[in-house]
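Note sheet for the following structure.
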Number of protein chains: 2
Amino acid sequence: MPNNHSNHSNNSNNSNYSIDTIRHSAAHVMAQAILRYYSSKGFKVQLGIGPNIENGFYYDIDINYKITESDFPLIESEMLNIIKEDLSITRKILDRQDALHFFSGLEQTLKVELIQDLPTSEEITCYTQGEFTDLCRGPHVKKTSEIPVHFKILSVAGAYWRGSEDQKMLQRVYATCFNSANELKDYLNFIEDAKRRDHRKLGRELDLFVFDQHAPGSPFFLPNGAIIYNELIAYIRRLYRKYDYKEVITPQIMDAELWHTSGHYQNFKENMFFTQIENREFAVKPMNCPGHMVMFKHNKFSYRDLPLRYADFGRIHRYEKSGSLAGLTRVRTFTQDDGHIFLPLYMVQDEITELLTMYFACFHHFKFEKIKINLSTRPEKRMGAEESWDYAEEALIKALKANNCEYNVNAGDGAFYGPKIDFIVFDALKREHQLGTIQLDFQLPERFDLKFVNKEGELERPVVIHRALLGSLERFIGIYIEHVAGAFPFWLAPEQAVIVPVKNDSDKQIEFANNLSKKLRQLGFRVRVDSRNESMNLKTRQIQTSKIPYMLVVGDREVDGNSVSIRKYGDKKSETISTIALLELFDELMKEASVG
Amino acid sequence: MPNNHSNHSNNSNNSNYSIDTIRHSAAHVMAQAILRYYSSKGFKVQLGIGPNIENGFYYDIDINYKITESDFPLIESEMLNIIKEDLSITRKILDRQDALHFFSGLEQTLKVELIQDLPTSEEITCYTQGEFTDLCRGPHVKKTSEIPVHFKILSVAGAYWRGSEDQKMLQRVYATCFNSANELKDYLNFIEDAKRRDHRKLGRELDLFVFDQHAPGSPFFLPNGAIIYNELIAYIRRLYRKYDYKEVITPQIMDAELWHTSGHYQNFKENMFFTQIENREFAVKPMNCPGHMVMFKHNKFSYRDLPLRYADFGRIHRYEKSGSLAGLTRVRTFTQDDGHIFLPLYMVQDEITELLTMYFACFHHFKFEKIKINLSTRPEKRMGAEESWDYAEEALIKALKANNCEYNVNAGDGAFYGPKIDFIVFDALKREHQLGTIQLDFQLPERFDLKFVNKEGELERPVVIHRALLGSLERFIGIYIEHVAGAFPFWLAPEQAVIVPVKNDSDKQIEFANNLSKKLRQLGFRVRVDSRNESMNLKTRQIQTSKIPYMLVVGDREVDGNSVSIRKYGDKKSETISTIALLELFDELMKEASVG
């Protein structure tokens, strides 16, 4: 029974049908084509389910033959035939017994199973086109000729029947369909581009990280990856210096009692790792906040010390199911550019203004130009006084307006402990990723009984702002690799330049290259000399594949002129510049690392 | 029964007795004095044990009165009386029944308990001086007048009878005694100095770190402490850059299987924390090595890539009993400046030479001038071929000699997996601390089946060198705080300078101070302005107490002359220098951070 799960609707101007309906009908056509083609070859074909999904559709097939990419054109050709045959698509209501009898007769046992599991109250409908009838809720187009010919089979993958490992493995054939050739072409380009940018693929190719069976969801950052990781932290530290944050270092394993106090034990236990020490239960931290509350309490602060901004690059651990782990974007251990700001309510608006400036500076720095802001306001179930919520929400709105920020309001979507702002960036493929958040919290200060001495000399409860700019560094690296397609900006590139002597046996060229490399390295640049006994072509190709920002070629002419022939990544041409100009260029490029 | 546990013997020239014997006798005199004095006040005094220890002695007392520092002179005065009385000290052998009868008669029930627990084979001896008789094995001086008057009661603390929490809490009175007034004075100065330098005390005073009941043995580094922590890592990274190390970032929680492979499960399990994930047993890493072995295996290396030097600042966790935790020097979680070098056996000597250069540069950088080296060679139980041991030990010795390093050989003291070199530094109080180690390892490459392609194109097993310079950063910070008495060098100081306007209400001075501060901060210096409405005296005192390297005072004269009145920490005098000279001075001071 093809289901229609997707709420995503790519409505088109060229059709009276929604794109979802069109794709759903295309799924039927694909199933019919597969049945026709493979039955004619003597294979028995059983159909599972075939829903439309975001950007396309699939059908699950049970067949004693391994479908490969080379089969796609044959299936597509049969699909085209069915469309051309202009078959009427008709809907019919069956009673349960008739339906069971009909699909049993076709030996479609998977469909029989589906019917058996339908609630007795549910109407059973089938759609028929030519010789093909499918169990289906609909709706569909009226005739096969209404399905645009701009379809494409994309891939095939294994999928357990009904998503259960105990069941049979079927073959899931993915495809898509659009209203116009251009839309299809754009989408196919998008897929190609996404594949090319896939951070798991680039992670391997650029020697950034590996995963190992001994630590699921826990990346091993190789030297190149660790450079990016540490440079990101260094960049965030420069921001922290500018915006007056104080970095702290806190324990990772703390008594379960603390997590009871913070509420994580009650609300987040399933995602936490526990260990026993001397008959006490300890938890590996899934968040830094409780540690910061503990630190705040160890000191006596006055209003003069506030806002107090703690920053922490502590490693955190959260349980995620093995099955849901994916590259760097879904991991079990990560580091956030995490911070907590302690302040009185009246300082909130100014602080949010400051935060917005910092956030935009950061996102723009990484060339995320389009940013969406969601403001989530008080939910039904909440804590904290109404006037605090009034004040806090108004402060957020005022700060957003003062900074000319457009934002969407997600009314009632705030956390029960306070309102929040989420920042969503659009990557080079226009995909949305939530990065930073700013969350106001009335609850933790209450739970930890935090106090500061206010202007009147009285003890007052502070508000806490939880904030992260990039969020999980691991996840950010995954997103960013795809955003820049692995071609990192100069300041962040694991290797910034490779110096290549034209002749591998020229002492003069090699000496010049080594001296230049030494000089650049002393200045802090990440460069090396490639004087291996390999061809210039091979070296050039390797440097291109590694997406190293600059290749510096040194021949006799360059040695004599104290210059290099420089070629930027992505450029086809080189130009010769003096080593002084090279240093100036590199110095200039390093300004990209600055927070201004 | 006073025992003599200490092997430490401070022999003196002025006496026929060992200092241990003298102190042991002084312990008797102190017990006698306490008995005399408090009995005369109507208190019942019971004696526990009273051994000599390193640098002194103590006696455990059960009395229904809280002994405090103000009582010390009274006890000392009575001790002096006893010495002056020139009492003979006589030894007597008692049979068990007589001894029990004798001490029961004195109502010394703790002594009775001790006698009851003595093996029946043991001879029971008592020493008597005047009215005082103590159960004791001896030896002692012949008469009380032979005890030098250079004694001193130092402190009193609670101590469980027989060291067991189930037993009564006694009062342990610590004291010492020397052969000369000068030795006593030196020792008292040493104690004062050690107290003054105690890193736990300074950690609080300088706002470096706190501990919390929720995370025993797990420091919370406050902003000031985190600066030192991060600057140390930055310094080590500069060394790594110079010596061609590649930093990596590895998981903290890995499958128990890995720890079986590495052997840690079998040999180190009691010190590891475990957690369950999806019915698999995982361990929190107590060491980084297995993770590095995994990474090495994920790649194919040739001899050209070796030595391959992985560095890792990963957080590690090891269980230590609550009772043995102490400040930063005995913790449950810490970060090492850890590294593993993969190389063929024949490269070992050159690599050790390089390591020695690096180690000495590092230790001298922190002003540890005296360094002791211990070389530990093959133990009886060991793995690896004899010729590998021959080669490895010889390589270590050759490298040590080539670097003109004096060293002690601890024959047979190496690990079963390879020989090692330990580095012991002497701190400002001449106390020894082991910092770095260099350990050769034949075993892990075997257990993980590591291979590289050698010059002949064949697969060869590498050797691994485990190495850390400072060892645990936490422990090093503890040691270093005491070494420098909390007065950090400029490059490492959490705050490098404070600018103080002479008048808190002078806009001109405050503006000048703020501008100077801003300029210095932009250049990366850690400075602030103190324009609080407080007196210059208070501010000066606070800056001194915080051991901030420089105080910069700004009056009208300084503003007009674009200068500051600068006072270095520890100096009594200030001098006026131009702000240009100040920048030059600070730039010059920052060179201390360089690795050359």
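When A:GLN116, A:GLN108 are screened for being polar (S, T, N, Q) and within 23 Å of A:ARG36 (Cβ to Cβ), only A:GLN108 passes.
Only one of (1) at pLDDT below 95; (2) within 14 Å of chain A (Cβ to nearest Cβ); (3) surrounded by 17 or more Cβ atoms within 10 Å (Cβ to Cβ) is not met by B:ALA159, so which one is it? Here B:ALA159 clears every test but (2).
Does any residue of region B:435-454 turn out to be modelled with pLDDT of 95 or more and basic (Lys, Arg)? Looking for residues that are modelled with pLDDT of 95 or more and basic (Lys, Arg), one finds at least one in region B:435-454, hence yes. Annotation: of all residues in region B:241-256 being touching a helix residue (DSSP H, G or I) at 6+ places or on another chain (Cβ under 6 Å) and open to solvent by 20 Å² or more (accessible area, probe 1.4 Å), the one that is farthest from the other protein chains (Cβ to nearest Cβ) is B:TYR243. Against the test of being open to solvent by 80 Å² or more (accessible area, probe 1.4 Å) and in a helix (DSSP H, G or I), the options B:LYS519, B:LYS573, B:LYS503 yield a single qualifying residue, B:LYS519.
Can you say whether A:ARG378 is of a type in the set (Lys, Arg), buried (at least 19 other Cβ atoms within 10 Å of the Cβ) and within 17 Å of the chain's Cα centre (by Cα), as far as the supplied structure shows? Judged against the criteria, A:ARG378 is not a match. Scanning region B:193-211 for residues that are within 14 Å of chain A (Cβ to nearest Cβ) and in a loop (DSSP other than H, G, I, E, B) yields B:LEU206, B:ASP207, B:LEU208, B:PHE211. Condition check for A:TRP491 on (1) under 24 Å from A:PRO219 (Cα atoms); (2) touching a strand residue (DSSP E or B) at 6+ places or on another chain (Cβ under 8 Å); (3) of a type outside the set (Gly, Ala, Ser): one failure, at (2). Name every residue in region B:128-164 that is more than 23 Å from B:ASP186 (Cβ to Cβ), in a loop (DSSP other than H, G, I, E, B) and among the hydrophobic types (A, V, I, L, M, F, W, C), in order of residue number. Result: B:CYS136, single match.
Listed conditions (1) within 14 Å of chain B (Cβ to nearest Cβ); (2) of a type outside the set (Gly, Ala, Ser); (3) free of Cβ contacts under 8 Å to residues at least 12 places away in the same chain are all met by A:PHE334, apart from (3). Can you list residue pairs whose Cβ atoms sit under 9 Å apart, with the first residue in region A:300-319 being at the interface with chain B (Cβ under 9 Å from one of its Cβ atoms) and the second being open to solvent by 50 Å² or more (accessible area, probe 1.4 Å) and acidic (Asp, Glu)? Count only pairs 6 or more apart in sequence or on different chains. From residues that are at the interface with chain B (Cβ under 9 Å from one of its Cβ atoms), the pairs are A:TYR319/A:GLU270; A:TYR319/B:GLU278. For the list (1) of a type in the set (Ser, Thr, Tyr); (2) part of a strand (DSSP E or B); (3) modelled with pLDDT under 95, I need the number of the one condition that B:SER531 fails. With (1) of a type in the set (Ser, Thr, Tyr); (2) part of a strand (DSSP E or B); (3) modelled with pLDDT under 95 applied to B:SER531, the lone miss is (2). Given the criteria in a loop (DSSP other than H, G, I, E, B) and touching a His at 6+ places or on another chain (Cβ under 8 Å), does A:ASP244 qualify? When the stated conditions are applied, A:ASP244 does not pass them. For region B:336-373, a residue qualifies if it is part of a loop (DSSP other than H, G, I, E, B) and in contact with a strand residue (DSSP E or B) (Cβ under 6 Å, 6 or more places away or on another chain), and the qualifying residues are B:PHE368, B:LYS370. Scanning region B:551-559 finds one or more residues that are surrounded by 15 or more Cβ atoms within 10 Å (Cβ to Cβ) and part of a loop (DSSP other than H, G, I, E, B). From the list B:PHE442, B:PHE512, B:PHE448, the one residue that fits, being over 30 Å from B:VAL210 (Cβ atoms) and not assigned by TED's automatic domain parsing to the domain that holds B:ARG330, is B:PHE512.
Matching residues to (1) within 39 Å of the chain's Cα centre (by Cα); (2) at pLDDT 95 or above:
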| residue | (1), (2) |
| --- | --- |
| B:ASP60 | yes, yes |
| B:PRO73 | yes, yes |
| B:ASP86 | no, yes |
| B:ASP95 | no, no |
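Just one residue in the set A:ASP98, A:ASP86 is among the acidic types (Asp, Glu), open to solvent by 60 Å² or more (accessible area, probe 1.4 Å) and free of Cβ contacts under 8 Å to residues at least 24 places away in the same chain; that residue is A:ASP98. Considering region B:257-289, and only residues there that are in a loop (DSSP other than H, G, I, E, B) and open to solvent by 10 Å² or more (accessible area, probe 1.4 Å), the residue that is nearest to the other protein chains (Cβ to nearest Cβ) turns out to be B:GLU278. Within region B:212-234, one or more residues are among the aliphatic types (A, V, I, L, M), facing chain A (nearest Cβ under 7 Å), more than 29 Å from A:GLU231 (Cβ to Cβ) and surrounded by 22 or more Cβ atoms within 10 Å (Cβ to Cβ). I'd like to know if region B:583-595 contains one or more residues that are crowded, with 19+ Cβ neighbours inside 10 Å, more than 25 Å from A:ARG237 (Cβ to Cβ) and in contact (Cβ under 8 Å) with a residue 24 or more places away in the chain. No, there is no match, as no residue in region B:583-595 is crowded, with 19+ Cβ neighbours inside 10 Å, more than 25 Å from A:ARG237 (Cβ to Cβ) and in contact (Cβ under 8 Å) with a residue 24 or more places away in the chain.
Any chance you could count how many residues in region B:316-335 are in contact with a strand residue (DSSP E or B) (Cβ under 7 Å, 6 or more places away or on another chain) and open to solvent by 30 Å² or more (accessible area, probe 1.4 Å)? Residues that pass the stated criteria total 3. For B:ARG238, the conditions (1) more than 30 Å from A:LYS519 (Cα to Cα); (2) open to solvent by 50 Å² or more (accessible area, probe 1.4 Å) all hold with the exception of (1). In region A:418-429, is there at least one residue being open to solvent by less than 20 Å² (accessible area, probe 1.4 Å) and either among the basic types (Lys, Arg) or at positive phi (or both)? Yes, there is a match, as at least one residue in region A:418-429 is open to solvent by less than 20 Å² (accessible area, probe 1.4 Å) and either among the basic types (Lys, Arg) or at positive phi (or both). For region B:162-180, which residues satisfy the criterion of being touching a residue at least 12 places away in the same chain (Cβ under 8 Å), of a type outside the set (Ser, Thr, Tyr) and open to solvent by 60 Å² or more (accessible area, probe 1.4 Å)? Across region B:162-180, the qualifying residue is only B:LYS168. Can you confirm whether B:ARG309 is open to solvent by 10 Å² or more (accessible area, probe 1.4 Å), of a type in the set (Lys, Arg), under 24 Å from B:PHE274 (Cα atoms) and touching a strand residue (DSSP E or B) at 6+ places or on another chain (Cβ under 8 Å)? No; evaluated as a whole, the condition is false for this residue. If you take the residues of region A:398-417 that are under 19 Å from A:GLU386 (Cβ atoms) and hydrophobic (A, V, I, L, M, F, W, C), which of them is surrounded by the fewest Cβ atoms within 10 Å (Cβ to Cβ)? Ranking the candidates gives A:ALA411 first. Residues in region B:350-362 that are surrounded by fewer than 19 Cβ atoms within 10 Å (Cβ to Cβ) and farther than 25 Å from B:MET295 by Cβ: B:THR353, B:THR357, B:PHE360, B:ALA361.
The values are calculated or read from the model by the stated rules, or taken from the named source; none is laboratory data. Because the structure is a prediction, the values reported are computed rather than measured. Note: ideal-geometry Cβ built from the backbone for every residue, glycine included; neighbour counts use all protein chains shown. These accessible areas exclude ligands, DNA and RNA; they are computed on the full protein's heavy atoms, side chains included. Shrake-Rupley method; radii C 1.70, N 1.55, O 1.52, S 1.80 Å.
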